[in-house]
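The values are calculated or read from the model by the stated rules, or taken from the named source; none is laboratory data. All values derive from a computational prediction rather than experimental measurement. Cβ placement follows ideal geometry from the backbone for every residue including glycine, while neighbour counts extend to all protein chains displayed.
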């Protein structure tokens, strides 16, 4: 009787799982990845509460697949923590290539801080689970992202603040290169950044000189204008004096 009860319970759970997955797939067809993933996360949490951790893991990995497919990284990292310890490393290993491909596409997010956070969190979870080779591949993607952002800043922010921001990014890249044991690549990146920094410094210097030159021209022009105004005033006064003198002479002749 007990075995029949257990089997009946499993049958009910299996049927419920199929229904939940079907409902989630319908959300996916509508492009609602967040809703699909959340739908399964809620069900996985219920299964865990009733002591069905293995089945909960299966449902939760499906939810994680949906979050990853929809590039909803925030929910992915949060829900990943709910997996059992034994499942976490297995899941990270299984999805790595898909996960890496998604990380290579984070450039679509305009906000650099968001991209950096995604890459930082990704690197961290792979290191924590001792998947060091995978972590190094993620680090390379991170470095490429940092390099693009640093160059973008130097090319668009022609000021001291821009150079400082780029320098901070380069420091982060150097740390990642050290982790990869590829300091020679770090030197190459630093040289490239430094050359652009020098270019920006020279551009700024040239701009400062041009500004100073323009100011000098302006001052010189103002001097000439002032001098011209003084000459004009003298001319007007002289003209007035001549007219006054002529009028005086005319009156004297009439007398």
- request: Would you be able to tell me the number of residues in the stretch 82-128 that are within 25 Å of the chain's Cα centre (by Cα), closer than 18 Å to residue 56 by Cα and at pLDDT below 95?
  value: 0
- request: Among the numbered conditions (1) over 30 Å from residue 53 (Cβ atoms); (2) under 16 Å from the mean Cα position of the chain (by Cα), tell me where residue 171 comes up short.
  value: (2)
task: Please work out which one of (1) modelled with pLDDT of 95 or more; (2) assigned to a loop (DSSP other than H, G, I, E, B) is the condition residue 51 fails and give its number.
output: (1)
message: What's the total number of residues in the stretch 115-159 that are over 27 Å from residue 90 (Cα atoms) and free of Cβ contacts under 8 Å to residues at least 40 places away in the same chain?
response: 8
query: Right, residue 82: assigned to a helix (DSSP H, G or I) and surrounded by fewer than 19 Cβ atoms within 10 Å (Cβ to Cβ) or not?
result: no
